[in-house]
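These notes concern the structure reproduced below.
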Amino acid sequence: MKINPYDQNDYTPVPSKFTLFMRKCVIWQFIRFIAINLKMLVVVSKSH
Amino acid sequence: MARVVVMGAGVSGHTACTFLNDWLGSEHEVVVVTPNSQWNWIPSNIWVGVGRMSSEDVTFDLKPVYDKVGLTYKQAKAVSIHPEGSEGESSPYITIEYTESGKEGTTEVLTYDYLINATGPKLNFAATEGLGPDSGHTVSVCTHDHATHAAHKLQESIEKMRAGETQEILIGTGHGMCTCQGAAFEYTFNVEHEITLAGVRDKANITYISNEYELGDFGVGGMHIKRGGYITSGKVFTESLFTERGVKWIKRAHVNKVEAKKVHFETLDGNQHEKEFDFAMLIPPFSGVGLKAFGKDGSDITDTIFAPNGFLKVDADYTPKPYEEWSIEDWPQTYQNPIYGNIFATGIAFAPPHLISKPMKSPNGTPINPTPPRTGMPSGIIGKTVAKTIKEMILNGATEPTHKVSMGEMGAACVASAGKGMLSGTAASLTMYPVVPDYKKYPDYGRDLDHTSGEIGLAGHWIKHTLHHLFLHKAKLKAGWTLIPE
């Protein structure tokens, strides 16, 4: 999107091309899938 | 033989009644009373609301599932609670009114030994003039029927964009005291994704409107995460996503009136504003479902066991106190009514002691702050905890609740996904621990930052798909359902 100076979105971080690539990189995301699931399982186990 | 009556079969009620039925066996009776004939996996209503799933994909008929395990099911709505019985009935009982086809309007008295109120919320569209799909000008994704309607309306807007018209899309909260910002947040990005796929993104001006003080509050006072070498506010994480997707935002807003194609709202500074729209999905505020309670002599004791918002009072500390004095000790642990020890409330139906987010009022006295979320994972965990206590009371004669869980010692995992394709969607995956910040244990940020996280990517999208199938499998009581955590 176009970001104009002094607009509300002028003050927010936006992802770089590398970050956007990694968000859709299947190999990296498979690793993150395992990692996030483990994180969630820890939170779930602490909550029961 | 003891009889447990569970009012409501949403996430919390369904969890409680199915586990109780499993643990108590055929010597005791578990009765579930719900006005709905179907169970709805509500998180996936977001996909129904953009036309990527149908109602059938997110629901199933309750009767065959309950019949399979011998659980007594009454398709009816609870009307009143009589915790001391009445002059003609010595046992405590509730009155119910059938909604089942062929028996509509028939009333019945249902005695109980233990009662769980898991009725969930009333979608209080009436709190804002002109709000809602039935008699108002906005759509909703709170039920699968609402979401189906929303998908049709969205498609109409997309067709207009294809014809060259610019459309104003407004998504968010329809009142200053709404909860469920997460649903509005997720729907925003699904709508943006659909419009992009339709090739008409340049014709849509999408705006998010919220009662949050800052984006990322989500009714839990916001959260902090470790990211990029910094401890960062969830505000930054959330605003970044809005900027990336080209969505503008309005925060600290109380929508007070909706007309055809126009909302009126007040902001926390007291100013009044208007915003035009072509398509608007605004979440309503929640209230209790309007159950009444009566004493043995027939006197109205509704105010004794219910809070003014219609939610059931439990073992929380309801003493009014300033935000600075709030603590996790205020939050309930057993969900037992303090007057009637055989009545419990789970999920959205229990009255929280206060907000989690800091209370805010405009100079005009209008409260503009999110109310506490009690949906999803906390709902299921609370339902199961209460079920464990009632099991101990029935089978082992426990006189006090044996199991406890507090939202101050409970975490939550949330996934907000955009798109549905396995390689095209992305999702924000969030974990937080605990839900209610504990500033005594975690003085800096109120939460354990090792277990509070957020990231965006395909992985979260896969998790959302997995959860959809996993929780429908669990709710249908299929093989291994008891092993799947809430």
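All of the numbers you see were taken from the coordinates with simple rules; none came from a lab. Keep in mind it's a predicted model, so treat the numbers as computed, not measured. In this analysis, Cβ positions are derived from the backbone assuming ideal geometry, glycine residues included, and neighbour counts consider all displayed protein chains.
I want the antiparallel fraction of DSSP beta bridges within the protein assembly as shown, as a percent rounded to 5. If we restrict to bridges inside the protein assembly as shown, about 60 percent are antiparallel. Quick check: from the Cα gyration tensor, does the protein assembly as shown come out rounded (a/c under 1.5), prolate or oblate? Note, shape of the protein assembly as shown comes out prolate.
Projecting the alpha carbon convex hull of chain A along each direction and taking the average yields 5.4 nm². When you work out D = kT/(6 pi eta Rh) for region B:334-406 at 20 °C and 1.002 mPa s, using the Kirkwood radius from C-alpha pairs as Rh and the Stokes-Einstein form, the result is 153 µm²/s. Both radii are taken from the alpha-carbon atoms of region B:134-199; with Rh as the Kirkwood radius, Rg/Rh is 0.97. According to the Cα-based calculation, Rg over Rh for chain B is 0.96, with Rh computed by the Kirkwood formula.
Using alpha-carbon positions, what is the distance between the centroids of region B:351-366 and region B:444-486, in Å? For region B:351-366 versus region B:444-486, the Cα centre distance is 30 Å.
With contributions of -39500 (n - 2.57) from each DSSP H run of at least four residues, the per-residue ellipticity at 222 nm computed over the protein assembly as shown stands at -8500 deg cm²/dmol.
Note on B:Ser424 and B:Lys358: the model spin-label points, each 7 Å out from Cα along the C-beta direction, lie 4.3 nm apart. Can you give me the C-alpha center-to-center distance between region B:288-307 and region B:14-51, rounded to a whole angstrom? So the separation of the two Cα centres works out to 25 Å. Relative to the longest principal axis of the Cα atoms of chain B, the long axis of helix B:11-24 lies at roughly 30 degrees. Note on B:Ala2/B:His152: beta-carbon distance plugged into 1/(1 + (r/R0)^6) with R0 of 51 Å gives a FRET efficiency of 0.60. Quick check: the angle from helix A:26-47's long axis to the longest principal axis of chain A, C-alpha only, nearest 10 degrees? Long axis of A:26-47 versus the principal axis of chain A: about 60 degrees. When the trypsin sites (Lys or Arg not before Pro) in region B:75-166 are filtered for DSSP coil states and for at most 15 other beta-carbon atoms within 10 Å of their beta-carbon, the remaining sites are B:Lys103. Summary of the geometry: region B:183-210 and region B:374-428, compared by the centres of their Cα atoms, lie 31 Å apart. Note on region B:77-218: Cα-only Rg and Dmax are 21.4, 69 Å.
Please tell me which of these pairs span more than 18 angstrom C-alpha to C-alpha: A:Lys24/B:Lys464; B:Lys262/B:Lys361; B:Lys292/B:Lys384; B:Lys153/B:Lys257? Too far apart for the 18 Å limit: B:Lys262/B:Lys361; B:Lys292/B:Lys384; B:Lys153/B:Lys257. Note on B:Ser37 and A:Val26: with the Förster distance fixed at 51 Å, the Cβ-Cβ geometry gives a FRET efficiency of about 0.80. Peptide A:27-40 is shielded by partner chain Cβ atoms: per residue, an average of 6 of them sit within 10 Å of its Cβ. With Cβ to Cβ distances under 14 Å as the rule, what net charge do the other residues near B:Lys441 carry (K, R +1; D, E -1)? Here the count lands on -3.
Any idea what angle helix B:144-162 forms with the longest principal axis of chain B, computed on alpha-carbon atoms, 0 to 90 degrees, nearest 10? With rounding to tens, the tilt is 10 degrees. Each residue of region B:64-77 was assigned a 3J(HN,Hα) from its phi angle through the Karplus expression (A = 6.51, B = -1.76, C = 1.60, θ = phi - 60°), giving x, 5, 5, 4, 4, 9, x, 9, 6, 10, 10, 7, 7, 9 Hz with x at Gly and Pro. Between B:Met223 and B:Gly234, B:Lys235, the built amide H atoms are under 5 Å apart, and every one of these is 5 or more places off in sequence or on another chain. In order along region B:233-246, the Karplus-derived 3J(HN,Hα) couplings, from 6.51 cos²θ - 1.76 cosθ + 1.60 at θ = phi - 60°, round to 5, x, 4, 5, 4, 6, 4, 4, 5, 5, 5, 4, 8, x Hz, and Gly and Pro are given as x. Shape verdict for region B:376-486, please, from the Cα gyration tensor: rounded (a/c under 1.5), prolate (a/b greater than b/c) or oblate. It is oblate, given that a/c is not under 1.5 and a/b is not larger than b/c.
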